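Input: a single structure, listed below in structure tokens.
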Amino acid sequence: MKILLYDWALDFIGGGQKYCCDIASLLRKEHEVTLLCRKPVERFFLEEAYGLDLDGVNFLNLKFRPRCQSVPSGLYNILLQQWNVAGEAAEISPLSAKYDLFINCESTRAMIKPLSPKSVLVCPFPPRSDLLKEWKAYGPALKYTYA
């Protein structure tokens, strides 16, 4: 089976990234596994950081570059970040069609619509459904600084 795993932050060390690499390390034994990365990352970097064997795992980099490199603080921070996420999703969704299984290891990138026959969204920390309700309760000054 051809499997594509995506985590936007594989280029730095973190708990979610380790989880994604653990999945890749286990699946690579019986499947063709590709890690989709936002930025170039070396297999040896991940193996050293997490103590895993990723031999045989393919690496693929997104061509997308953020539409807004420097995101200012304040309310518009959320909007600009989501604009960048939508651009990533526009590249990832059609790419997923080339695989039998797409595993999205990034719960904040839930707008990716997988076109693979099967897909999984790894969501260790579900997005808060009350975010908009909370934001509306703030006054104008706090709304601006919310992000």
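Quick check, is G56 among the small types (G, A, S), surrounded by 13 or more Cβ atoms within 10 Å (Cβ to Cβ), over 14 Å from the mean Cα position of the chain (by Cα) and modelled with pLDDT under 65?
No: the conditions fail for G56.
Of L35, L27, which residue is in contact with a helix residue (DSSP H, G or I) (Cβ under 6 Å, 6 or more places away or on another chain), open to solvent by less than 70 Å² (accessible area, probe 1.4 Å) and among the aliphatic types (A, V, I, L, M)?
Among L35, L27, only L35 is in contact with a helix residue (DSSP H, G or I) (Cβ under 6 Å, 6 or more places away or on another chain), open to solvent by less than 70 Å² (accessible area, probe 1.4 Å) and among the aliphatic types (A, V, I, L, M).
For the stretch 11-24, give me each residue that is among the aliphatic types (A, V, I, L, M) and open to solvent by 20 Å² or more (accessible area, probe 1.4 Å). Give the steps one after another, and end with the answer.
Initial filter on the stretch 11-24 (among the aliphatic types (A, V, I, L, M)): 13, 23-24.
Passing the criteria: I13, I23.
Conditions tested, residue by residue: (1) more than 23 Å from V85 (Cα to Cα); (2) of a type in the set (G, A, S).
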{"position": "D7", "(1), (2)": "no, no"}
{"position": "S25", "(1), (2)": "yes, yes"}
{"position": "L35", "(1), (2)": "no, no"}
{"position": "Y50", "(1), (2)": "yes, no"}
{"position": "D55", "(1), (2)": "yes, no"}
{"position": "F59", "(1), (2)": "no, no"}
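Among the numbered criteria (1) over 15 Å from the mean Cα position of the chain (by Cα); (2) at pLDDT 75 or above; (3) over 18 Å from L35 (Cβ atoms), which single criterion is violated by E134?
The number of the failed condition is (2).
Those residues that are open to solvent by 20 Å² or more (accessible area, probe 1.4 Å), modelled with pLDDT of 85 or more and either under 14 Å from L35 (Cβ atoms) or assigned to a loop (DSSP other than H, G, I, E, B) (or both), I need them from the stretch 70-107; list them, please.
L95, A97, K98, Y99, D100, L101
The values are calculated or read from the model by the stated rules, or taken from the named source; none is laboratory data. Since this is a predicted model, take the numbers as computed values, not measurements. Virtual Cβ from ideal backbone geometry, glycine too; neighbours counted across all protein chains shown. These area figures cover heavy atoms from the full protein model, side chains too; ligands, DNA and RNA do not enter into them. Shrake-Rupley method; radii C 1.70, N 1.55, O 1.52, S 1.80 Å.
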